[in-house]
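See structure below.
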Amino acid sequence: MRIAVCLKQVPDPATVEVDPLTAALDTRRLLYIASPADTAALEVALQLAGAEGHVSALCVGPPAADAVLRLALAAGATEARRLWTPFLPLQAPAQTALLLAAWLQRGEAPDLVLCGTRSSDQGSGQLPALLAEFLEWPVVCDVTQITLEGDLARVQRRLDRGAREELEVRLPAVLAVEAGIARLRHASLTGLMRAERAAIPVSELDDLGLEPADLAFPAATTRMVTPPRPRTRPIFTPDSTRPAHERITQIITAGVTRKSGKVLEGPPDQMAEVVVEFLRERGFV
Amino acid sequence: MAFLSKEASLALVQRVHRLIGIKNGSTPHGAPQPRRQRSAPRPGAEHFDVIVVGAGPAGSAAALVAARAGLKVLLLERGEYPGSKNVSGAAFYGSAILNELIPNWWEQAPVERYLTRRVLAFMTAETSVAIDFRTTRFAEPPYNGFSILRPKFDRWFADQAVAAGAFLLNAAVVDEVLWEDDQVVGVRVRRDEGDLRADVVIACDGANSFLAKNAGLQREFHAHEMSLGVKEVLELDEGAIRERFHLHDNDGLAIEYIGAITEEVSGGGFLYTNRDSLSLGVIGQISSLAEHRRRPYELLETFKRHPSVAPLVRGGRVREYSAHVIPEAGWNMLPKLYTGGMLVAGDAAALCFVAGLYLEGINYAIQSGMAAGEAAVAAHQERDFSARSLARYVERLRARHVLTDFASYRHAPGLVNSPRLQNLYPELIAAGAEQVFRVNGGPKRKLLPIALDTLRRANISPVHVLQDAWQAGRSFGW
């Protein structure tokens, strides 16, 4: 079983500080980690590959991203490779996918490509689909469970509102897993030392048979990401016409009152008048 | 001063840690266990000439010296990177010492400001009297001291050891020392296949060293021998710092406070200027923190509200908060510094010089690290790693004036932490100064009557004053 895992280096959210006035990130204080969904993918890959399997870890990033690949090597990945070009724009899922696909199409192709569904920093979630498109492979995102049966993968996928979908995918395929479905194993000391000593090979555009012009994707550019607007929450204010003790009761019960009803008795036309009066009072008619 | 049994003092340390809600800063393994069965390394463990545990100033200095001599050195760090776990007010006075190891080190190291101004302030709740020392002679290479930020500095220093050929391994917590006959032959790291062999293990794992205790070189500490420092880094505009502290371009100051800032708790405060931030904190003796049921962060808040501190820190944004234990008893808590196959250096050897006038640790850490590295190199030349061979470490510490400093100032910690020096004398100084400077239409008295009057009002017996004067003389004078 040959599995490739794509990893991304992201800022550790614990070190992200935003200036409240300018909304600028304080980049001097940032520390970097592997994106949590990607480390879950790595652990799943190591489990699926087993002892005799072959797991290669890939990362598109600058030299500092070697740390992520060393993490993978320490945990037990067979090999690691960093892909990089200075021509990469800042946020570039399409270009990243292109580099990864170019590498994966050279030499012996893996049976399975695993990655995180979305990175914890920019989180566009586009990479798995774009990668599958370049490879012309099937893709499943939001994966929570994978079992392999020959060249068939049984996959469980998370849908909205807690629903789950079970699918079968024929390999080779790209499977993008959710963060938190597996916790990366604690590396052994031997693994850690091996990873620290390993030289991480790098492939640039030339090695991948690409030109800088291939990286131009004018079709879609993300200009801005706005966080969802918080829902307006009505603030409870007690009815000021009520006496003080009732207002206090209203406040401490947070305005929750029991449902109450009123049973009318009498001749129909009188009851109809009361109902109309009730509705008029409350502005329904 | 409460005297506590071993168990009680340890429980106190842990309780104080819990009280202020920090992770146990100095004992990564919880309570040190009573001496356990000695384990031997498993077969197949990788061998190094020297393993240095802890990539702080002592560890990096030791690794650098040993690696330069061509030894195969492993530097183990429990944090994600060297410096990630380290706390210090971070005034570093060992510039000349480090210059010996790395010439003109300040040109490449991440330093904040060179310290040209030292202030020693005596405080009461409303008053402060300060000795303000300033010289341009400390603004010339090799400088006297620098303010530094430990995460950056320690990382840089460890990188120097790596550049010299040491192998740095982060995220490696050492669980125990490994033995063969009465000789330390390696360490066990808390990971699978975690055994490592070494001819010499140098323990630089910080205050309350787990390794020194595990190897039976250090006793348990008493709560009155340890202090807890809490520190904040406040971000402040560079221009504001220059104006507030009357600084030129890149010079800085260090202020040490004695007196009411720690209220009834024995301790002190400090404030250092960094490039665009301030490091400030309070240090409280653990036994007296527990005795008075004070939480260190409350003291820090009181300190920041003091009328002479508040205007200095106004508008600063808290960027970091950290806490650490400090071995304070000096000479009296030095461990056995070596055994067969193992040396102890830095804070792990309690080489922290806390004596009122002085608050130094990093310089002694580097010096002891260098001495340990040299001793390891010399031992390798003779291929003799017995306790007798490693005893030369102590000679080198003496030659570097480390042990002699601690020996000659051995009375200072007790004096500095005494209640009279902590609170009464600062109050007397403040009250005396107030009488000298106050103009209220009364007769202008001369200094001696004012001094005698102040002493009389303080209701302190002349015998105590003489005793303290003798103690002070013995500690600092001769």
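Take the residues in region B:161-173 that are within 11 Å of chain A (Cβ to nearest Cβ) and open to solvent by 10 Å² or more (accessible area, probe 1.4 Å), then tell me which one is farthest from the chain's Cα centre (by Cα).
So the first thing to find is which residues in region B:161-173 are within 11 Å of chain A (Cβ to nearest Cβ), and the list is B:162, B:167-173.
From what is left, the residues that are open to solvent by 10 Å² or more (accessible area, probe 1.4 Å) are B:162, B:167-168, B:170-171, B:173.
Working: B:162: 25, B:167: 26, B:168: 24, B:170: 23, B:171: 23, B:173: 22 Å.
Result: B:167.
Go through (1) in contact (Cβ under 8 Å) with a residue 12 or more places away in the chain; (2) farther than 28 Å from residue A:123 by Cα; (3) more than 14 Å from every other protein chain (Cβ to nearest Cβ) and name the single condition residue A:196 misses.
(3)
Could you run through region B:178-194 and say how many residues are open to solvent by 10 Å² or more (accessible area, probe 1.4 Å), part of a strand (DSSP E or B) and at the interface with chain A (Cβ under 10 Å from one of its Cβ atoms)?
Keep residues of region B:178-194 that are open to solvent by 10 Å² or more (accessible area, probe 1.4 Å), which gives B:179-183, B:185, B:188, B:190-193.
Imposing the further condition that a residue be part of a strand (DSSP E or B) reduces the set to B:179-180, B:183, B:185, B:188.
Filter once more, so that each one left must be at the interface with chain A (Cβ under 10 Å from one of its Cβ atoms): B:188.
Looking only at that region, the number is 1.
In this structure, does residue A:174 turn out to be more than 14 Å from chain B (Cβ to nearest Cβ), at pLDDT 95 or above and in contact with a helix residue (DSSP H, G or I) (Cβ under 8 Å, 6 or more places away or on another chain)?
On the way: more than 14 Å from chain B (Cβ to nearest Cβ): yes; at pLDDT 95 or above: yes; in contact with a helix residue (DSSP H, G or I) (Cβ under 8 Å, 6 or more places away or on another chain): yes.
Here the answer is yes, as residue A:174 does meet what is asked.
Hey, can you tell me all the residues within region B:234-247 that are touching a residue at least 12 places away in the same chain (Cβ under 8 Å) and more than 20 Å from residue B:308 (Cβ to Cβ)?
B:235, B:237, B:238
Is it true that residue B:250 is within 14 Å of chain A (Cβ to nearest Cβ) and closer than 28 Å to residue B:90 by Cα? Steps first, please.
Values: within 14 Å of chain A (Cβ to nearest Cβ): no; closer than 28 Å to residue B:90 by Cα: yes.
Answer is no for this residue.
Out of B:175, B:154, which single residue is of a type in the set (Asp, Glu) and either in a helix (DSSP H, G or I) or not assigned by TED's automatic domain parsing to the domain that holds residue B:39 (or both)?
Numbers: B:175 fails: either in a helix (DSSP H, G or I) or not assigned by TED's automatic domain parsing to the domain that holds residue B:39 (or both).
Step by step, each of B:175, B:154 is checked, and only B:154 is of a type in the set (Asp, Glu) and either in a helix (DSSP H, G or I) or not assigned by TED's automatic domain parsing to the domain that holds residue B:39 (or both).
Here are some residues: B:158, B:203. Which one is at pLDDT 95 or above, crowded, with 24+ Cβ neighbours inside 10 Å and within 14 Å of chain A (Cβ to nearest Cβ)? Break it down stepwise before answering.
Details: B:203 fails: within 14 Å of chain A (Cβ to nearest Cβ).
Among B:158, B:203, only B:158 is at pLDDT 95 or above, crowded, with 24+ Cβ neighbours inside 10 Å and within 14 Å of chain A (Cβ to nearest Cβ).
Tally time: how many residues in region A:226-285 are of a type in the set (A, V, I, L, M, F, W, C) and either touching a residue at least 24 places away in the same chain (Cβ under 8 Å) or within 30 Å of residue A:23 (Cα to Cα) (or both)? Steps first, answer last, please.
Applying the first criterion (of a type in the set (A, V, I, L, M, F, W, C)) to region A:226-285 yields A:235-236, A:244, A:248, A:251-252, A:254, A:256, A:263-264, A:271-272, A:274-276, A:278-279, A:284-285.
Filter once more, keeping what is either touching a residue at least 24 places away in the same chain (Cβ under 8 Å) or within 30 Å of residue A:23 (Cα to Cα) (or both): A:235.
Total satisfying the criteria: 1.
Of all residues in region B:403-422, count the ones that are farther than 26 Å from residue B:366 by Cβ and either open to solvent by 40 Å² or more (accessible area, probe 1.4 Å) or basic (Lys, Arg) (or both).
Selection size over region B:403-422: 4.
So which residues in region A:204-249 are at pLDDT below 80, of a type outside the set (Val, Ile, Thr) and open to solvent by less than 100 Å² (accessible area, probe 1.4 Å), if there are any at all?
Scanning region A:204-249 gives A:217, A:220, A:236, A:238, A:239.
If you check B:75, B:98, which single one turns out to be assigned to a strand (DSSP E or B), modelled with pLDDT of 90 or more, among the aliphatic types (A, V, I, L, M) and surrounded by 24 or more Cβ atoms within 10 Å (Cβ to Cβ)?
One residue alone meets the criteria, B:75.
Please verify whether region A:136-145 includes one or more residues that are open to solvent by less than 60 Å² (accessible area, probe 1.4 Å), of a type in the set (Ser, Thr, Tyr), without any contact (Cβ under 8 Å) to a residue 40 or more places away in the chain and over 16 Å from residue A:171 (Cβ atoms).
Yes, that holds for at least one residue.
Among what's in region A:199-208 and is part of a loop (DSSP other than H, G, I, E, B) and of a type in the set (A, V, I, L, M, F, W, C), pick the residue that is farthest from the other protein chains (Cβ to nearest Cβ).
First, pick out the residues of region A:199-208 that are part of a loop (DSSP other than H, G, I, E, B): A:199-201, A:204-205.
After this cut, where a residue has to be of a type in the set (A, V, I, L, M, F, W, C) as well, the list is A:199-200, A:205.
Working: A:199: 14, A:200: 17, A:205: 31 Å.
This residue is A:205.
For the list (1) part of a helix (DSSP H, G or I); (2) closer than 20 Å to residue B:90 by Cβ, I need the number of the one condition that residue B:389 fails.
(2)
Can you tell me which of B:379, B:431, B:375, B:391 is touching a residue at least 24 places away in the same chain (Cβ under 8 Å) and either surrounded by fewer than 17 Cβ atoms within 10 Å (Cβ to Cβ) or assigned by TED's automatic domain parsing to the domain that holds residue B:269 (or both)?
Values: B:379 fails: either surrounded by fewer than 17 Cβ atoms within 10 Å (Cβ to Cβ) or assigned by TED's automatic domain parsing to the domain that holds residue B:269 (or both); B:431 fails: either surrounded by fewer than 17 Cβ atoms within 10 Å (Cβ to Cβ) or assigned by TED's automatic domain parsing to the domain that holds residue B:269 (or both); B:375 fails: either surrounded by fewer than 17 Cβ atoms within 10 Å (Cβ to Cβ) or assigned by TED's automatic domain parsing to the domain that holds residue B:269 (or both).
Unique residue meeting the criteria: B:391.
A quick yes/no check of all residues on (1) under 20 Å from residue A:119 (Cβ atoms); (2) assigned by TED's automatic domain parsing to the domain that holds residue A:201; (3) at pLDDT below 95; (4) out of contact with any Gly (no Cβ under 7 Å at 6 or more places or on another chain):
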| site | (1), (2), (3), (4) |
| --- | --- |
| A:7 | yes, yes, no, yes |
| A:11 | yes, yes, yes, yes |
| A:22 | no, yes, yes, yes |
| A:25 | yes, yes, yes, yes |
| A:32 | yes, yes, yes, yes |
| A:45 | yes, yes, no, yes |
| A:59 | yes, yes, no, yes |
| A:85 | yes, yes, yes, yes |
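All but one of (1) among the charged types (D, E, K, R); (2) open to solvent by 10 Å² or more (accessible area, probe 1.4 Å); (3) closer than 25 Å to residue B:248 by Cβ hold for residue B:113, so report the exception by its number.
(2) is the only condition that residue B:113 fails.
Among residues belonging to region A:177-193 that are more than 14 Å from every other protein chain (Cβ to nearest Cβ) and assigned to a loop (DSSP other than H, G, I, E, B), point out the one that is most open to solvent (accessible area, probe 1.4 Å). Full working, then the answer.
Filtering region A:177-193 down to residues more than 14 Å from every other protein chain (Cβ to nearest Cβ) leaves A:177-183.
Restricting the remaining residues to those that are assigned to a loop (DSSP other than H, G, I, E, B) gives A:178-183.
Working: A:178: 31, A:179: 60, A:180: 71, A:181: 59, A:182: 23, A:183: 208 Å².
In this case the residue turns out to be A:183.
I'd like the full set of residues that are on the phi < 0 side of the Ramachandran plot and either surrounded by fewer than 24 Cβ atoms within 10 Å (Cβ to Cβ) or modelled with pLDDT of 90 or more (or both), limited to region B:355-365. Walk me through how you get there before you give the answer.
Initial filter on region B:355-365 (on the phi < 0 side of the Ramachandran plot): B:355, B:357-365.
Correct list: B:355, B:357, B:358, B:359, B:360, B:362, B:363, B:364, B:365.
Which residue, of B:370, B:333, is farther than 21 Å from residue B:92 by Cα and among the hydrophobic types (A, V, I, L, M, F, W, C)? Outline the logic, then answer.
Numbers: B:370 fails: farther than 21 Å from residue B:92 by Cα.
Selected residue: B:333, the only one of B:370, B:333 that is farther than 21 Å from residue B:92 by Cα and among the hydrophobic types (A, V, I, L, M, F, W, C).
What is the number of the single condition among (1) surrounded by fewer than 13 Cβ atoms within 10 Å (Cβ to Cβ); (2) modelled with pLDDT of 95 or more; (3) over 21 Å from residue A:38 (Cβ atoms) that residue A:201 does not meet?
(3)
The values are calculated or read from the model by the stated rules, or taken from the named source; none is laboratory data. It should be emphasised that the depicted structure is a prediction, and the values quoted were computed from it without experimental measurement. Cβ atoms come from the backbone with ideal geometry, glycine included; neighbour counts cover every protein chain shown. Calculation scope for accessible area: heavy atoms of the full protein, side chains included, ligands and nucleic acids excluded. Shrake-Rupley method; radii C 1.70, N 1.55, O 1.52, S 1.80 Å.
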